[in-house]
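The values are calculated or read from the model by the stated rules, or taken from the named source; none is laboratory data. These numbers were taken from a predicted model, which means no experiment stands behind them. Glycine also receives a Cβ, built like all others from the backbone with ideal geometry; neighbour counts cover every protein chain displayed. To get the accessible areas, we keep the full protein, side chains included, count just its heavy atoms, and leave off ligands, DNA and RNA. Shrake-Rupley method; radii C 1.70, N 1.55, O 1.52, S 1.80 Å.
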Amino acid sequence: MATTQTALALTTIAAPLTKIELPIPTPKGNEVLLRVTAAAIAPFDQKLRDYGLFNIGSRLPAVLALDLVGVVEGYSSTISNELKTKFPTGTHIFVQANLFNPLGGGLQQYTTVDPTFAAAVPKSVSDVAAASFPINAFTSFASLFSDEGGEHRGLGIPFPGTPGAEEFDYKGTTVMILGGGTRCGKLAIQFAKIAGIGRVLTTAGKGSKGELERLGASVVFDRGLEEGKLVEEVRKVTGGELAYVYDTMSTGKDQELGVKLLGGKKKGFFVTLLEGEVDEGVLKEKDVEKWQMTGVSGMHPSAAAVMWGNIGEWVGSGLEGGGFKVVEGLDLEKANATMDAYRDGGFERIEIHQDFKMATQIHIVTVGKDKQKEKDVLTRLTKDVEKQYTLVHVAHCESLNVVKHVLTSLIVPPKLLICSPNIFDEEQEEIREIANRVLPDMKLVMVPNDLDLKDKEKSQGLLEYLKEQVESRF
Ligand SMILES: NC(=O)c1ccc[n+]([C@@H]2O[C@H](COP(=O)([O-])OP(=O)(O)OC[C@H]3O[C@@H](n4cnc5c(N)ncnc54)[C@H](OP(=O)(O)O)[C@@H]3O)[C@@H](O)[C@H]2O)c1
């Protein structure tokens, strides 16, 4: 294996990144070696590059892009068995790189990370899509649910299943998310919904109203309204009773809006992501506690354990992280241009993709009489073709009678229907007819009846047959 690699690194604060050669790092402590496949360049990276936040200037050269995805290729000799078992080599994981490891970011071919707070990328999601989650998802999760982190804590709403949850009235709680149109805002809306919070209010540009309602917002207020009018509109909904505000985007005196909205019988909690200027006297008078979140998993270990334990499943079931544009490879010019655009007020997110063998995703429906055996064969097939294809088994039909209903009820139309050998010729013909009528573009594999699922040898033959079919059709 090579010992050096290419990286896009920050070598001087307030100057463009440069392309340099770095040693391939050796994992230490609880770290794994990752071959980076995707990394997201976030507005925070531009702030690190241009303003040297978190004193990064004292740790140059530094590799940025802390949201990353990579394939586990090796371990530190001292890594815990638990982590080694959880993430076998070859696992694609998404993770938030350690800001204080200057060479830990994603703008290089290899990096090392501690995967204590990481998750395997779900089969149904590409690496670039997974790279859009780590920092924003954790920041918003912690902003709602963490009471750790000192002055960088969150609202401290107990997440269901954690201490304090049993006494918490989720349905009767209202949360206001100021700046719901940001990626952090959208994730917060979805997390509030997952937690079962009764009313999720938010502010956003007019164009985002429909999207935020679809994600779970109860009421979306126009963030362009004059402040007095906005406060009045919100009070009409809350009746003046609001104990939780999370502000994703305001800075300076604009953060006073959050304090104005809080009020009522309960103590107020206000969490922001950015620096603000809110009068301490006003906070005291209104009985409001205000904190500025730092979305670093290690600072909120309890919330991090919950979020990283669930995020794979949530992302796999459709959690949305926000749109992005993909750049292939470590393109220095495009990486710097992305950061320049953030500096100049742009919001378009760029993700660097370095794994050129992107798997084709195929949603599959099966029809057959032995669900478990069919599932087993499909699991083996998924593994066999995983380098080329990501197979996602979206539904199983136990009989001909339900085929039409299943095919018409799926939101994403499946690309392939596999009809098991235990469905005989006549029924196979009927299924073919239904499928062609309902989803004419879907490909059909009618497995010959002699490839018996019960027979071990034949089930190997069945696997080979299916592999051939998938490879020849996609
Ligand atoms: N403290 C931390 O640990 C932490 C962690 C992550 C991010 N951050 C910071 O949090 C901020 C949000 O990050 P993000 O990536 O989620 O943002 P983003 O996705 O880049 O936000 C873009 C969206 O924000 C909305 N917007 C624009 N101007 C706004 C304003 N003045 N007030 C409210 N909304 C506005 C727009 O949507 P609409 O038109 O739909 O409203 C826009 O599409 C960034 O400054 C980021 O650096 C901090």
* To do: State, as an integer percentage, the relative contact order of region 191-315 based on alpha-carbon contacts under 8 Å between residues 6 or more apart.
  => 16
* How large is ³J(HN,Hα), in whole Hz, for each residue of region 96-111 in order, when computed from phi with the Karplus curve 6.51 cos²θ - 1.76 cosθ + 1.60 and θ = phi - 60°, using x for Gly and Pro? -> 9, 5, 7, 4, 8, 9, x, 9, x, x, x, 7, 7, 7, 10, 8
* Could you name the lysines in cross-link range of K369, using Cα to Cα under 27 Å and dropping any fewer than eight places away on the same chain? -> K123, K383, K404, K415, K443, K454, K456, K458, K467
* Could you state the angle between the C-alpha long axis of helix 332-343 and the longest principal axis of the C-alpha atoms of the chain, as a value from 0 to 90 degrees rounded to the nearest 10? => 40
* Quantify, in whole percent, the carbon and sulfur part of the accessible surface of region 184-274 (1.4 Å probe; protein heavy atoms only). => 51
* Asked: If you take the alpha carbon radius of gyration of the chain and divide it by 2.2 N^0.38 Å, what ratio comes out, to two decimals?
  -> 1.10
* Asked: What's the angle, to the nearest 10 degrees (0 to 90), between helix 183-195's Cα axis and the longest principal axis of the chain?
  -> 70
* To do: Using all C-alpha to C-alpha distances in region 136-292, build P(r) with 5 Å bins and read off the rounded percent in each one.
  => 2, 10, 21, 24, 24, 13, 5, 1, 0
* Asked: Considering the Cα trace of region 360-469, what is its radius of gyration and what is Dmax, both in angstroms?
  -> 13.0, 37
* To do: Give me the distance between the Cα centres of region 35-67 and region 206-265, rounded to whole Å.
  => 32
* Among all the aspartates and glutamates, which ones have a C-alpha under 17 Å from K28's C-alpha, if same-chain residues fewer than 8 places away are not counted? -> E73, E82, D114
* **Qualifying trypsin sites (Lys or Arg not before Pro) in region 1-109, DSSP loop, other Cβ atoms within 10 Å at most 16** => K28
* Structure fact -> For E151 and R437, extending 7 Å from Cα along the Cα-Cβ vector and measuring point to point gives, in nm, a value of 6.9
* Structure fact -> Heavy-atom accessible area per residue of region 360-469, all protein chains kept, 1.4 Å probe, expressed in Å², is 56
* Out of residues 5 or more away from Q5 or on other chains, whose amide H comes under 5 Å of its own, with H placed 1.01 Å from N in the peptide plane? -> L22, I24
* Structure fact -> Kirkwood-based Rg/Rh on the Cα set of region 162-231 evaluates to 1.02
* Structure fact -> Counting only residues 5 or more apart in sequence or on a different chain, those whose built amide H sits under 5 Å from that of A119 are F94
* Structure fact -> Answer in debye to the nearest 20: the dipole magnitude of the chain about its Cα centre, from +1 Lys/Arg and -1 Asp/Glu charges placed on Cβ, is 200
* **Counting DSSP beta bridges with both ends in the chain, the antiparallel % (nearest 5)** => 45
* Asked: Which distance in nm do the two modelled labels at Q388 and L274 give, with both placed 7 Å along the Cα-to-Cβ direction?
  -> 4.9
* For region 243-386, convex hull volume per residue from C-alpha positions, Å³ -> 211
* To the nearest 10 degrees, how steeply does helix 227-238 sit against the main Cα axis of the chain, on a 0 to 90 scale? -> 60
* Asked: GluC sites (Glu not before Pro) within region 363-457: which are DSSP loop residues with at most 16 other Cβ atoms inside 10 Å?
  -> E386, E398
* To do: For region 264-314, run through the GluC sites (Glu not before Pro) and keep only the ones in DSSP coil with at most 11 other Cβ atoms within 10 Å of their Cβ.
  => E275, E277
* **Partner lysines for K206 [C-alpha distance under 30 Å; skip if fewer than 8 residues away on the same chain]** => K47, K171, K186, K193, K229, K236, K253, K260, K290, K325
* To do: Note down the nm distance, to one decimal, between modelled labels 7 Å out along Cα→Cβ at N449 and at T379.
  => 2.9
